[in-house]
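Beneath this line is the structure, given in structure tokens, with notes to follow.
The values are calculated or read from the model by the stated rules, or taken from the named source; none is laboratory data. Here the structure is a predicted model, which means the values were calculated and not measured. Backbone-built Cβ (ideal geometry, glycine too); neighbour counts: all protein chains shown.
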Amino acid sequence: MPPAEGADVPPTPNSNPNIPPITKSAITAMRHPPPESKESLRLRRYVILSFWAVAIFIGLPIWWKTTAIYRAELPLQIMTDWADGKICRPVFPLRISVEAPTLQLQDAHNLIRATQHALDDLNEFSAHHLRLMLADAPLSAANASQQVVISGGPGDRSDDEDIALSIRLIPIETGTAPRSILQPYAPTLDVYYSPNQIPPPSSTGSPLATFIAHELHKIFAEEQTLLAHLLSTTSNVYTAKMKSLSSETVTELERQSTRTLKYAPTYHLTFSLFSPTFMPSSWEIEAALQQYLSPLLETFSSISNFTVDTQVQLYATFSPSIRQPEYDENLKAWTLRKEDLSGFINAAEWPLSPSIGVSPTVNFILYVPDQSQSPLLVKESGANSWLVPQWGGVLILNPAVTGQSPMTLTKDALTPAMHTFSEQLLSLLGLPQSPASLPLRLSTLKRVRAASLLFSASSTLGALARLTKALKSIPIPDNVAKSVDTAIAHLQQSCSDLRDGRFQGALENARIAETAAEKAFFEKSMVGQVYFPDEHKVAVYLPLLGPVAVPLIMAGMKELKSLRGR
Amino acid sequence: MLIDRQKALLFAAAAAVRLLLFTAFPSLPSLLAGRVEVSTPVTSFKRLQEGLFLYTHDVSPYDGGVYHQAPLLLPLFSLLPNTSYYPFATNLVYIAVDLLGANALMQIAESGQSATTRLFKSSRNDLRWSSVAIGAGFLFNPFTVATCIARSTSALANLFILMAMAKASQGASITFVFALSIAAYLSMHPLLLFPPLLILCYDARATRSRQAPNAFTFTAIYALGLVVSLGSLLYISSVLTSSWEFLASTYGVRLLLPDLTPNVGLWWYFFTEMFDSFREFFLGVFWVHVASYMPGLTIRLRKQPLFVATTLTGIFAIFTPYPSIADAALYLSLVPLFRHLFPLMRYTFLASSTILYASFLGPAFYYLWIYAGSGNANFFYAITLVWSLGLSVVVGDSLYAALRDELDVERPELRGKEVKRI
């Protein structure tokens, strides 16, 4: 506002004290204001300088320190190399010991050498090879070192397990020879031969050696296929060198792998009894589990642990969405259609919790149909049990012939159910179908699991490395780097365990590596800023800092200008 | 003699009012102690009692995460009889604290440093209120009374700030440094008052002695004195609690604002809304903002250091993380020292009505939000904005008035004329 009295009012020299003026209205002074005194000029510069000093010497470091994104150093190249399979080529050297107590040492050596030749000729999969050795050859210099390893601790489990299979050569006088019997509950192959089948020292091949080689190849065929499939699908390095798998095999393997539960160190098993009526209201499940399942779970304990719970649910009807059972005259039974089986489980009403705790749940359902609808079967196949991929198994227990369904299901009544459930569990856990020996299948599973964990941990590391490279704005806390280091160390360990044939150790290390890699990848604090692009930062900074910065900058510029003008 | 009688009368009246409130309404202290406007997490008497209980039971008082006040308050209050059963002694202590504060304020008024300093003499310096009137303004300020009744420990911090100002204006160096270090020890931000009060003390000493002391050595000695006395207070505290963890629980809480209990300040709402990743940055910005006023004001108003200190207390009442009405009470009691600026202030009506408006509506809006549930946090935040606006108007207007006053001295021919900023 122009002063009323006229032009002789000069502006104040210093009415902007500490806060630099925000707006400067240009005034048209009729006369130039008197020059500011030197002192006030100096004062104003000091004031502006003090504000700038605070902003620069305190504000800037605070900004730098508090908004810097902390990125711990990650071994990106190593992680990528792991994912690309450049560091570890998993190999599966299996040791097979040959017990030939009745043979001459020289003969035994000859036989083994011949068999080894035959085996190597048969093998098309270089990563998986079988090595024969003589079980007790105290005089053999060549096997001395191996002998030390084997006899290092007679009761030592891990040393024991280093032998994948032992072959017992048993001479017989009568009967067809050679023939072999695979022990179902021990990793032992009994080979019966007639003494005249021992190859002479000079010959390179013999029927017995060829026979043993073929037997061994047959036993480990499925394992080789599984591993070859695994290697070819997860790691591109091997694809070229792999023996080509037939498409049917691949389909079959795919089918199996979709059925199999994802590997976990612990599984939770839930056994449920459902009945549409009030009967049966109790079952001797504890005793049945004790007898039929516990030994199985115990043998699995080197791969996974299990927790078990059970429940009984009465008046449980199956879901209304499926067609009610129909009576089939031919089968003399009530039948369910195959396409309805997927809706059989009444997920809405049956209390089957999806997962208790961190470990995945495997459900086993025993359904006892109503008296009026018994026996109840699957129409197409006449079966009474089926497997739900990656979820569990169902069995319809039809009461014996006719009569009242019992109030209590005895242990004996549960026996067929337990057998089915055991089979289903093995299948869900991904245990291979052959060979017939359970220990052999278990050790196959161990190798397959170790390899798949190894690959999945490596690819998780690779994904983390790619993520780190792609998103420059995410912070990487120290514990991620620590987890990555743990994962790499255990991967390395696992890989060398595999190379040395210590499969139990390989599995354990791979499991630790997998856990660490997952933990690093899913670190929560990393993703906080992913969806926070730089444009948003303007929105955060400007509303508050803009009004503060404008007067600071304007005042600073004005002072600079006047300094230059002088 | 007249002054002394008046002063005695004033103190007796103020003590009587407080005693009456304490005895006639026994539930009033606890009611006020629970009000967010009066008690903040760093000054609440209830939290002090919690800390005291832990302290007397040989547990670290900071264990519960409730107590955020200075450790040396604990032995002081543990000497008093238990407040739950015998509140009288504690009440007497708080009344004494207020009276001592008023006494210090009257000493400041009597020193005349507000209008006439060594380098500056206001052209209106005859315009002033008597020290008794200023003391009455402090003692009968409802905010001061509420703080006293609520037994908030900011009453103690206020006392030591006032004492530091009084001693600095008298040029009493040792007591000044000691009082300021206790004030800073109790509530940290009074440390920013050191430069203006140092200038005040320097001026006071320079006026008294014939020759002005060397500014550099003067600053160095006083800064050293402050460091030593603050350091010894902290050291005694660490011995008392037998660890240094009290630093994080007291000053750490003031700096990093982990407790977002609403108060009359501007921080709590802002930081409830803040993105987590920017929290540290904006804590820094807010603190730098509070601190940045000090150097600028001190340089610009070098000739009126007491005014700078007063303005800084006003800025503390607005911009610190845990302000309460006690801080406003301190500022509003110091403003009457500058009676000579009142004719130059332009928005007195606006400022006083805004503050009155906010003080009446604040509790009502808080009630609507917390108890009635018919309002939300924005209600209370809006009213704290109005409250801060009122205080800012007083701060800004008084600053304008002080500068205008300086101009009048510099160019007497402009007195009473309108000015315009270029």
Only one of B:Leu332, B:Leu344 that is within 23 Å of B:Ile108 (Cα to Cα) and crowded, with 22+ Cβ neighbours inside 10 Å: B:Leu332
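A quick yes/no check of all residues on (1) closer than 16 Å to A:Phe274 by Cβ; (2) aliphatic (A, V, I, L, M):
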site	(1), (2)
A:Phe318	yes, no
A:Arg323	no, no
A:Asn330	no, no
A:Ala333	no, yes
A:Phe344	yes, no
A:Trp350	yes, no
A:Pro360	no, no
A:Val368	yes, yes
A:Leu377	no, yes
Some residue of segment B:394-416 being within 26 Å of B:Ala150 (Cβ to Cβ) and crowded, with 20+ Cβ neighbours inside 10 Å: yes
Qualifying positions in segment A:251-274 - farther than 26 Å from A:Pro351 by Cβ and of a type in the set (D, E, K, R): A:Glu252, A:Glu254, A:Arg255
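Every residue, every condition in (1) in contact (Cβ under 8 Å) with a residue 12 or more places away in the chain; (2) buried (at least 21 other Cβ atoms within 10 Å of the Cβ); (3) in contact with a helix residue (DSSP H, G or I) (Cβ under 6 Å, 6 or more places away or on another chain), yes or no:
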site: B:Thr56; (1), (2), (3): yes, no, yes
site: B:Val59; (1), (2), (3): no, no, no
site: B:Thr83; (1), (2), (3): yes, no, yes
site: B:Gln107; (1), (2), (3): yes, no, yes
site: B:Leu119; (1), (2), (3): yes, no, no
site: B:Gly135; (1), (2), (3): yes, yes, yes
Unique residue being within 14 Å of another protein chain (Cβ to nearest Cβ) and modelled with pLDDT under 85 when the list is A:Leu103, A:Leu41: A:Leu41
Among (1) at pLDDT below 80; (2) within 14 Å of chain B (Cβ to nearest Cβ); (3) within 47 Å of the chain's Cα centre (by Cα), the one test that A:Arg31 misses: (3)
Test: residue in segment A:460-482 that is without any contact (Cβ under 8 Å) to a residue 60 or more places away in the chain, in a helix (DSSP H, G or I) and β-branched (Val, Ile, Thr): no
Residues within segment B:292-314 that are at the interface with chain A (Cβ under 7 Å from one of its Cβ atoms) and small (Gly, Ala, Ser), tallied: 2
Selection count, segment B:287-314, where residues are of a type in the set (Lys, Arg) and either in contact with a His (Cβ under 7 Å, 6 or more places away or on another chain) or surrounded by 23 or more Cβ atoms within 10 Å (Cβ to Cβ) (or both): 1
Those residues of segment B:117-141 which are in a helix (DSSP H, G or I) and among the hydroxyl-bearing types (Ser, Thr, Tyr), in sequence order: B:Ser131
Scope segment B:274-284; condition facing chain A (nearest Cβ under 7 Å) and either basic (Lys, Arg) or buried (at least 19 other Cβ atoms within 10 Å of the Cβ) (or both); matching residues: B:Phe281, B:Gly284
The listed residue being farther than 30 Å from A:Ala55 by Cα, within 14 Å of chain B (Cβ to nearest Cβ) and not aliphatic (A, V, I, L, M), out of A:Lys469, A:Lys524: A:Lys524
Members of segment B:357-399 that are among the aliphatic types (A, V, I, L, M) and farther than 30 Å from B:His340 by Cβ: B:Leu361, B:Ala364, B:Leu368, B:Ile370, B:Ala372, B:Ala377, B:Ala382, B:Ile383, B:Leu385
Candidates A:Thr23, A:Thr67, filtered to the one that is at pLDDT 50 or above and either more than 7 Å from every other protein chain (Cβ to nearest Cβ) or within 30 Å of A:His536 (Cα to Cα) (or both): A:Thr67
Residue in segment B:258-273 that is touching a helix residue (DSSP H, G or I) at 6+ places or on another chain (Cβ under 8 Å), part of a helix (DSSP H, G or I), among the acidic types (Asp, Glu) and within 12 Å of chain A (Cβ to nearest Cβ) present: no
Which listed residue is assigned to a helix (DSSP H, G or I), facing chain A (nearest Cβ under 10 Å) and aliphatic (A, V, I, L, M), from B:Val288, B:Val335: B:Val288
Considering residues of segment A:405-437 that are of a type outside the set (Ser, Thr, Tyr) and over 33 Å from the mean Cα position of the chain (by Cα) only, the residue modelled with the highest pLDDT: A:Leu414
Count - residues of segment B:242-257 that are under 22 Å from the mean Cα position of the chain (by Cα) and part of a helix (DSSP H, G or I): 9
Options B:Ser359, B:Ser374; residue that is among the polar types (S, T, N, Q) and either within 26 Å of B:Ala309 (Cβ to Cβ) or within 14 Å of another protein chain (Cβ to nearest Cβ) (or both): B:Ser359
Residue that is nearest to A:Ala164 (Cα to Cα) [pool: residues in segment A:465-499 that are among the acidic types (Asp, Glu) and touching a helix residue (DSSP H, G or I) at 6+ places or on another chain (Cβ under 9 Å)]: A:Asp497
Test: A:Asp121 is modelled with pLDDT of 75 or more and assigned to a helix (DSSP H, G or I): yes
Sole exception among (1) closer than 30 Å to B:Asp4 by Cβ; (2) part of a loop (DSSP other than H, G, I, E, B); (3) modelled with pLDDT of 90 or more for B:Ser114, by number: (3)
